[in-house]
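Remarks on the structure that follows.
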Amino acid sequence: MAKVQLGVIFGSRSCEREVSIISAVQLMNHVDSEKYDVIPVYIGENGVWYTGNALRRIETYTPFDPNKAGIDAQIRRHLLTKRASKPLRWM
């Protein structure tokens, strides 16, 4: 059976940004990797969307540097213009 793709969207301009980051990192590092393919999606304070495996490490955010290896910037355009290959499944 194929893994379920699990997008974890976190961060943003909210005053709760730090709590969102900590919660997301904990979730991504404790989810069952046999069942789920975790895709981190971080929204920076400037509104730019990022993805990449480096976002699974808490050190990435102290301070956040989008130029670190393993981070891809500005995925918003891709997410908004491409249709998902599979329909979303709500759990």
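The values are calculated or read from the model by the stated rules, or taken from the named source; none is laboratory data. These numbers come from a predicted model, not from an experiment. A quick note on method: Cβ atoms are made from the backbone with ideal geometry, for glycine too, and the neighbour counts reach across all protein chains shown.
Counting just the residues of region 1-42 that are aliphatic (A, V, I, L, M) and part of a loop (DSSP other than H, G, I, E, B), which one comes out nearest to I71 (Cα to Cα)? Spell out the reasoning first.
From region 1-42, those aliphatic (A, V, I, L, M) are 1-2, 4, 6, 8-9, 19, 21-22, 24-25, 27-28, 31, 38-39, 41; that's our starting set.
Retained after the next criterion (residues that are part of a loop (DSSP other than H, G, I, E, B)): 1-2, 31.
Numbers: M1: 29, A2: 25, V31: 21 Å.
Ranking the candidates gives V31 first.
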What tally of residues in region 43-58 results from selecting those that are touching a Pro at 6+ places or on another chain (Cβ under 6 Å) and part of a loop (DSSP other than H, G, I, E, B)? 0
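Does R89 count as among the basic types (K, R), modelled with pLDDT of 75 or more and over 14 Å from the mean Cα position of the chain (by Cα)? Break it down stepwise before answering.
On the way: among the basic types (K, R): yes; modelled with pLDDT of 75 or more: no; over 14 Å from the mean Cα position of the chain (by Cα): yes.
Here the answer is no, as R89 does not meet what is asked.
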